[in-house]
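Visitor: Provided herewith is a single structure, encoded as structure tokens, for subsequent inquiry.
The values are calculated or read from the model by the stated rules, or taken from the named source; none is laboratory data. Just so we're clear, the structure is a prediction, and the values are computed from it rather than from any experiment. Cβ sites come from the backbone with ideal geometry, for glycine too, and all protein chains shown count toward neighbours.
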Amino acid sequence: MEITLTGTTCGFACWEAREEICRCSCGGRNHGILRDGGEMPKRTCKIKGFWYELHAVGPYVAKECHDLRIAENGGTYLGPDGYVKVYHDCRPGDSYYCKAVVAHQRKWPEVANLNLAYPYILWKRIKSPIAGGS
């Protein structure tokens, strides 16, 4: 199998090996994994230059996101300099990031199976899945 690394996120096209050449961010790790009876990998996305993996889907994950970021900061809003470090709204680069589901994500089994009117996705920041990436 030929591999071409790009910034494209990994999804069903790769997992089911619809193309011979893997062109996504997994670098071939997940290529054809579902076709061969493997377990579905975690979904990933890139938000303003930072890589995230799917952590949760639901109607109230914004509160969970905020609580996780505060817990990660030692249970406080303040950073070591005494200024606010954890904001209520998510910012690119935060360890957890909450976003409303967009149209193409409504087709994902993780979202569609919940049958929610206004679902949200909670993303957890990860290192780049691309070899040598940031």
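Visitor: Go over the candidates 104, 55, 66 one by one and state the one that is surrounded by fewer than 16 Cβ atoms within 10 Å (Cβ to Cβ) and outside any loop (DSSP other than H, G, I, E, B).
Guide: Numbers: 55 fails: surrounded by fewer than 16 Cβ atoms within 10 Å (Cβ to Cβ); 66 fails: surrounded by fewer than 16 Cβ atoms within 10 Å (Cβ to Cβ).
Every option except 104 fails the conditions.
Visitor: Where residues in the stretch 44-103 are among the basic types (Lys, Arg) and in contact with a strand residue (DSSP E or B) (Cβ under 7 Å, 6 or more places away or on another chain), which of them is nearest to residue 30 (Cα to Cα)?
Guide: First, the residues of the stretch 44-103 that are among the basic types (Lys, Arg): 46, 48, 63, 69, 85, 91, 99.
With the extra rule that they be in contact with a strand residue (DSSP E or B) (Cβ under 7 Å, 6 or more places away or on another chain), the set shrinks to 69, 85, 99.
Values: 69: 29, 85: 36, 99: 25 Å.
So, considering only residues that are among the basic types (Lys, Arg) and in contact with a strand residue (DSSP E or B) (Cβ under 7 Å, 6 or more places away or on another chain), the one nearest to residue 30 (Cα to Cα) is 99.
Visitor: Does the stretch 107-119 include one or more residues that are on the phi < 0 side of the Ramachandran plot, at pLDDT 90 or above, surrounded by 14 or more Cβ atoms within 10 Å (Cβ to Cβ) and of a type in the set (Ser, Thr, Tyr)?
Guide: no
Visitor: Quick check on this structure: which one of 99, 48, 127 is exposed (fewer than 11 other Cβ atoms within 10 Å of the Cβ) and modelled with pLDDT of 90 or more? Give the steps one after another, and end with the answer.
Guide: Working: 99 fails: exposed (fewer than 11 other Cβ atoms within 10 Å of the Cβ); 127 fails: modelled with pLDDT of 90 or more.
The match here is 48.
Visitor: Name the pairs whose Cβ atoms lie under 8 Å apart, with the first residue in the stretch 4-19 and closer than 19 Å to residue 51 by Cβ and small (Gly, Ala, Ser), the second modelled with pLDDT of 80 or more and surrounded by fewer than 16 Cβ atoms within 10 Å (Cβ to Cβ), and 6 or more positions between them or separate chains?
Guide: Listed pairs, sorted by first residue: 13/19.
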